[in-house]
Structure formats: structure tokens, C-alpha cells
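Report on the structure given below.
None of the figures in this text is laboratory data; all of them are computed from the coordinates on show. Predicted model only: the values in this text are computed from it and were never measured. Quick reminder, even Gly has a Cβ in these numbers, built from the backbone with ideal geometry, and neighbours come from all protein chains shown.
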Amino acid sequence: MWRLKEIVVASGKGGTGKTTVASSLAVYLAKKGVRVFTADADVDAPDLLLALGGGRTLFSIDIKESEKARIDKSKCTACGKCAEVCPFGAIVAQNGGRPVVVELMCEGCGVCRLVCPSDAIEVKRTDTGTLSVQETKYGFGCVTGKLKLGEHNSGNLVASVRNIGRGKAQDAASDVCIVDAAPGIGCPVIASITGADYVIAVTEPTPAAKRNLERLSKVIEHFGVPAGVVINMSGYSKDFETALKDWIVHELGFQFLGEIPVDYEVVKALVQMKPIIELNPDTKASKALAAIAQKVGEIL
Amino acid sequence: MRALRKKKVEVPIVAVTGGKGGTGKTTVAVNLAAGLSAKGLKVMLVDTDVDGPCCATLLGVKLENGDAVKTFKPKINEKRCVGCKKCVDVCHEHALVGLQGKTPRLFEELCSGCKACQLVCEYGAVEEGWKTIGKIYTAETNGLRLVTGELEPTEPRSPVMARATVLRAMSELQNSGYDAAIVDTAPGVHNAVAQPLWVSDFALAVTEPTPLGAHDLKFILDLARELELPAEIVLNKADVPGGLKDELLSISRERGVGIAAEIPLDGELLRSYISGEPLVKNSPNSPAAKALLSLIQHVHKRVKGGET
């Protein structure tokens with residue numbers, strides 16, 4: 001039976017090349033006749049559409065999943081109880097003891113409202129971010145989430161991105177939705193990985209990236225998603241890279257999907273806003289990416 | 001906005017941030033801290049990238065015996081609970097689930113630790129439980145104090161962990177004679193980045209000359225502006241072949257945000273990254289080290305000149 005598969009491109013460390021891998025993978029599979037949809041779940045810094053050369057916006061909506069406390073100045077007696085109990089340090093007493101909500105810190109838990117003796121506090125729904133769907137020049141769609149600056153609820157927004165992505169992908173009878181995740185291991189990453197079919201973890205051959213791959217692997221394992229690893233920007237140290245591959249397969253128990261050598265053509269591709277595989281299919285990074293994409297196609 | 005910030009310490013705090021991942025935030029932070037320390041300043045380096053902390057690795061420091069960061073979670077005393085469901089209704093995160101007349105069940109991973117449930121329970125049935133969301137490690141290396149926050153894998157609350165790391169650093173910075181603190185942030189513009197920026201006096205936004213670097217730089221500069229935090233740009237990998245340096249220079253001009261340093265590509269930088277020793281110590285004559293040394297000089301002036 002036909003079923004949409006979700007592949008998440010993730011990385012414990014930032015800047016390892018998630019978006020380069022996701023964009024090239026999408027274009028490669030689309031050219032092979034796979035019906036592709038894409039989703040940018042890096043809601044802080046959504047760059048997937050940039051890597052794909054932009055797109056025509058089909059629709060855009062505001063997501064209002066956040067909540068913030070509001071103090072009614074006319075009712076507030078400046079007793080200071082709200083500032084005392086706020087677990088997030090979001091209520092600060094100004095000169096004269098009148099409390100002010102620092103929206104950036106407020107998680108909307110409403111504890112302040114519970115202790116306020118003069119009923120001066122309301123918890124109101126506010127913007128979390130925006131969500132938009134674009135049609136790319138490669139014929140497939142891309143859903144992008146953009147978190148409001150400094151917001152907390154990235155997991156909620158990522159869940160919305162995935163829901164819309166899944167819906168749109170199903171409407172288009174897509175075979176696969178490629179999700180570009182945020183760096184790290186926190187809430188937006190967990191929200192990206194949970195219930196996905198496969199994770200491609202992108203790493204670099206450095207001790208810092210290795211350590212963060214190990215942390216990401218614990219999250220992937222916890223949520224029981226099969227995974228493979230891509231080593232990007234390889235070629236500095238053969239010994240380190242050989243040991244890293246061995247560790248990925250034997251210690252982490254993940255598939256090794258391939259390595260992409262350092263190649264400044266990748267920078268050119270980013271600058272021209274075309275996936276490297278499209279701009280220059282014969283360069284060494286493109287060949288490596290094609291081999292990886294083929295492997296991922298087979299796994300699916 | 002800045003007026004609301006109750007800063008308890010006088011020590012200048014410099015945030016190293018940047019929007020996009022992998023632009024070189026940690027490299028800049030580590031070299032800056034090591035360089036200022038070598039100039040005789042008493043420096044604390046704080047790693048608030050609790051998802052992907054790298055400062056210790058880049059300094060070749062092994063972290064041991066961290067202090068657990070615990071947040072509240074409700075422990076429901078079944079004998080006292082009458083099943084009134086008030087705690088369930090008040091829970092903002094929907095972490096408590098239950099039916100009228102039944103003891104509610106806690107979905108621990110959703111709980112934010114806000115204690116609203118405890119406040120509304122009239123029967124004293126919500127007792128204090130704790131869960132560990134991460135650890136804070138400290139270390140001394142070559143006269144440099146390192147404070148690192150690490151989120152426990154599978155825990156989602158990076159902002160809470162980042163805030164705990166900031167608070168721990170601030171408490172150590174009080175009355176202990178520090179000249180400066182360098183705070184490395186996570187990539188992005190979410191709350192775990194905003195937490196350290198909130199307490200900082202000055203920010204360096206590290207970026208790279210690609211459309212992605214430029215795109216994300218604008219976001220982090222927007223966030224700094226919203227926080228009324230003075231910022232400057234560090235242009236890393238400045239001479240990468242085919243790069244978009246001009247676009248970054250025009251962002252700098254348009255926004256009136258200065259360029260604090262331009263760091264060229266340098267194979268030595270990579271070697272130092274892998275070897276676990278800051279470049280400014282490891283090979284101070286390499287092109288990137290020279291750019292970093294002038295950045296150190298620049299920040300030294302700001303920190304000592306009281307301009308922050």
C-alpha cells in the first residue's frame with residue numbers, strides 16, 4: 001500500500017551541511033521520478049528554500065500557539081506576588097514596585113495569574129511564528145516554518161510544519177517528504193524526529209561534531225527511528241575519518257551512507273542558490289551526494 | 001527593554017552568537033577567551049549551546065562531575081488526591097491528564113516545572129518531585145574558567161537549561177574579581193539564544209559569506225536590536241572562493257553595525273579545531289590567528305575601556 005515516508009535530515013552540531021544534503025537529495029530523487037515534498041523544520045533559520053532558489057508562495061498563515069501574561073495596570077496593586085512566583089524570571093518589578101512582563105522570558109504558564117489577589121493578570125494567546133507553502137522550480141512543494149524572534153514554542157511550530165507538510169505531500173500523492181531539521185537535540189529536533197521513517201544525521205570529521213553526533217544518536221535511539229550518517233567535508237585526516245566510520249557503524253549501530261569531500265563548488269552552489277547536484281553534477285561533492293541519494297532511495 | 005534587565009554583576013559580558021550554525025561561533029569564543037586570558041585578564045568562558053556544547057572539546061578539556069540541573073515535577077499523592085481535576089485544567093503544557101474522580105497521570109516530558117498544579121491543589125496532593133534536565137560542568141584550563149551547560153539527550157527544554165547555565169555563571173561572576181565573561185550561544189534566534197543575550201552587554205555575530213549566512217545574520221541582528229543589545233559582525237571564512245562578502249558588508253552598512261573582524265580561511269584553524277588547542281596559542285602567526293588577535297585587542301579595549 002502507498003504510504004508517504006518522512007526522511008529527516010538532522011545534525012547535533014550546526015553548519016555541518018544539513019541543508020546542502022536535503023536540497024540535493026530532494027532534487028536528485030525528484031529527477032529519478034520519485035514524488036518529493038520538502039519541509040523546513042529549522043524554524044529559527046529556515047534556509048532550505050534559499051538553497052532551492054526560492055519559490056512561488058501558495059499560502060502563508062500565522063501560527064498562534066504561544067501564550068503570554070498581560071498585567072492590567074488599572075487593577076495591579078504592585079504587591080509583587082507575581083514576580084515572586086514566576087518560574088521563568090519573566091516578571092520584573094520596575095521602580096515603584098510595579099511589575100512588568102518581559103515577554104521574551106514568559107512561557108505563559110499562568111502561575112502569576114493564580115497568585116494575583118486583584119485579578120489583574122490575563123494569559124493571552126500570541127504569535128509563535130508563520131508557516132508558508134511554496135512551489136519550487138523543481139516542481140515539488142516546500143513548507144517553511146519561521147519562529148518569531150526569541151520565542152519558546154519551536155516544537156509546536158515544527159509539529160505544525162510537519163502536519164501541513166504531510167497533508168500537502170499526501171494531496172500531491174508524494175512518495176517522500178524530506179524534512180530539514182534544526183541543529184541540536186532539543187525540542188524542535190525531537191518534534192522533527194518523532195514518528196519519522198528515517199533520519200539522515202550529517203556530521204563532520206572533527207571531535208566536536210563527533211561528540212554532538214553521539215548526543216543526537218541517543219535522541220534518535222530513544223524515539224526508535226532507523227538512521228544513517230553522512231560525513232560531510234571529509235579529507236582533512238584519513239585516520240580520524242576511518243576511525244569515525246568504524247565508530248558510526250559499530251558503536252552507534254547506524255548505517256554509513258557516505259562521505260562528501262571538501263569542495264568549494266558547494267559554496268558556489270549556495271551563492272547561486274542552486275543545489276550543488278544541479279549546478280555542477282560532475283564535481284566531487286555532487287558525485288558523493290548522488291551516491292548517497294541513491295543509497296537513501298534504495299533504503300526507502 | 002534594557003531597563004528591565006536586572007543585572008546583578010558588573011563584569012562585562014560578551015556574547016558570541018550568529019544565527020546560522022557552523023559559522024565559527026565557538027572558534028571565536030574560545031580564541032577570544034584564551035586571548036584575553038593570555039593578556040592577564042581573569043576570564044570566564046560560558047558555553048550556553050546546551051544542545052551542542054563544543055567549548056570543552058575545542059579547549060581539549062575533559063568534563064567531569066557535573067552538577068545536575070533539576071526542575072520541579074509534580075508527584076501526586078494518591079491518598080490525598082480527590083480527583084477534582086483542577087491541576088489537569090490549569091496545566092498549560094497539558095502534561096497532567098486525568099478524568100474527574102481519578103488521580104491524574106503525568107507526562108513528564110511535557111512538564112515545564114511551573115508548579116501551577118501545586119498552587120491550585122486544595123488538598124496538598126501535589127508533592128514536590130524533581131527531574132534532571134541536564135548538567136553544568138566547570139573546569140579550569142590555563143587560567144581560564146569554563147562553565148558549560150549540557151542538556152540531557154531526549155530532554156526538550158533547551159531554554160530552561162540555557163537559563164540555568166547563565167544563572168550559574170552569573171552567580172560565580174558576582175564578587176570574584178573577573179574582568180570579563182565570554183558567552184558562546186547556540187545557533188538560531190530562539191529562546192535558548194535570547195537567554196544569554198539578555199544578560200550580555202555586547203554581542204559579536206559570527207557569520208559567513210553565503211546567502212544562508214547573510215539571511216540568518218539579519219535575524220540575529222534583529223533579535224539583538226529587539227533586546228537593545230549593541231552588536232558587531234565577525235566575518236568568518238571571509239575570503240572563501242565565490243563567497244558573498246559584499247552582501248555582508250552592505251548589511252553592515254545598512255544597519256550601522258560594524259565589522260569587528262574579518263577572518264580568512266586558514267588550514268591552521270582547522271588543525272587547531274581538531275587538536276583541542278586555541279589557534280592563537282597553537283599557531284599565532286597564521287593568517288586567521290592574526291585576525292583573531294586583532295579581534296582580541298578590539299574586545300580588550302571595549303572590556304577594559306568601560307565602553308560596554
Next on the checklist: Please give the Cα centre distance for region A:64-92 versus region B:228-282, rounded to the nearest Å.
Outcome noted: 41
Next on the checklist: Using a Gaussian network model on chain B with a 10 Å cutoff between Cα atoms, which of B:256, B:60, B:21 fluctuates the most?
Outcome noted: B:256
Checklist entry - Over all residues in B:108-120, what is the mean tally of Cβ atoms on other chains that come within 10 Å of each residue's Cβ? => result 4
Checklist entry - Given q = 0.12 Å⁻¹, what are the Debye log10 I(q)/I(0) values for chain B, with equal point scatterers placed on the Cα positions and solvent ignored? => result -0.79
Next on the checklist: Please compute, for peptide A:15-23, the average count of beta-carbon atoms on other protein chains lying within 10 Å of each residue's beta-carbon.
Outcome noted: 2
Checklist outcome for this item: Classified through the alpha carbon gyration tensor (a ≥ b ≥ c as square roots of its eigenvalues; rounded if a/c is under 1.5, else prolate when a/b is larger than b/c, else oblate), region A:66-126 comes out prolate
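Quick check on packing: order B:31-37, B:107-113 by the mean number of other C-beta atoms within 10 Å, highest mean leading. Each step should come with its number before you reach the end.
Values: B:31-37: 26.9, B:107-113: 16.7.
Per-residue Cβ counts within 10 Å, averaged per peptide and sorted highest first, yield B:31-37, B:107-113.
Counting other beta carbons within 10 Å of each Cβ, put B:42, A:64 in order, fewest first.
Working: B:42 16, A:64 12.
Final ranking by Cβ density, sparse to dense: A:64, B:42.
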Checklist entry - Tell me, what is a quarter of the convex hull surface for the C-alpha atoms of region A:161-237, in nm² with one decimal? => result 5.7
Next on the checklist: Could you order the peptides B:165-177, A:238-250, B:226-238 from most to least packed, using the average number of other C-beta atoms within 10 Å per residue?
Outcome noted: B:226-238, B:165-177, A:238-250
Checklist entry - Counting partner chain Cβ atoms within 10 Å of every residue's Cβ in B:264-271, what's the average? => result 1
Item to check | Qualifying aspartates and glutamates (Cα of each under 15 Å from Cα of residue B:135; at least 8 residues distant if same chain) | outcome: B:47, B:49, B:51, B:64, B:67, B:150, B:152, B:155
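Distances over 25 Å make up what percent of all Cα-Cα pairs in chain A? It would help to have the intermediate numbers written out before the result.
Numbers: 23564 of 44850 pairs.
Tail of the P(r) past 25 Å holds 53 percent of the pairs.
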Checklist entry - Among A:139-146, B:72-79, B:279-286, how do they line up from the highest to the lowest mean number of other beta-carbon atoms within 10 Å? => result A:139-146, B:279-286, B:72-79
Item to check | Coarse-grained scattering of the protein assembly as shown at q = 0.07, 0.08, 0.12 Å⁻¹, given as base-10 log I(q)/I(0) from a Debye sum over alpha-carbon atoms | outcome: -0.42, -0.55, -1.25
Item to check | region A:214-253 shape via C-alpha gyration tensor axes, a/c threshold 1.5 | outcome: prolate
Checklist entry - Does region B:199-308 classify as rounded, prolate or oblate by the C-alpha gyration tensor (a ≥ b ≥ c root eigenvalues; a/c under 1.5 gives rounded; else a/b over b/c gives prolate, otherwise oblate)? => result oblate
Checklist entry - Which of the pairs A:137/A:295; A:218/B:25; B:39/B:237; B:39/B:304; A:218/A:287; A:32/A:238 have their Cα atoms more than 22 Å apart in this structure? => result A:137/A:295; A:218/B:25; B:39/B:237; A:218/A:287; A:32/A:238
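Counting other beta carbons within 10 Å of each Cβ, put B:30, A:100, A:219 in order, fewest first.
Details: B:30 31, A:100 15, A:219 24.
In order of increasing Cβ crowding within 10 Å: A:100, A:219, B:30.
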Checklist entry - lysines within cross-link reach of residue B:86: Cα-Cα under 23 Å, excluding same-chain residues under 8 positions apart? => result A:68, A:81, A:124, B:73, B:75, B:102, B:115, B:131
Checklist outcome for this item: region A:110-125 and region B:13-70 have their Cα centres apart by a whole-number Å value of 38
Item to check | Cα extents of region B:250-308 along the three principal axes, largest first (Å) | outcome: 36, 30, 17
Checklist entry - What is the pair-distance distribution P(r) of region B:78-124, computed from all Cα-Cα distances in 5 Å bins starting at 0, with each bin given as a whole percent? => result 5, 26, 35, 25, 10, 0
Next on the checklist: Please report the equivalent ellipsoid semi-axes of region B:39-160, computed as sqrt(5 x eigenvalue) of the Cα gyration tensor, largest first, in whole Å.
Outcome noted: 40, 12, 11
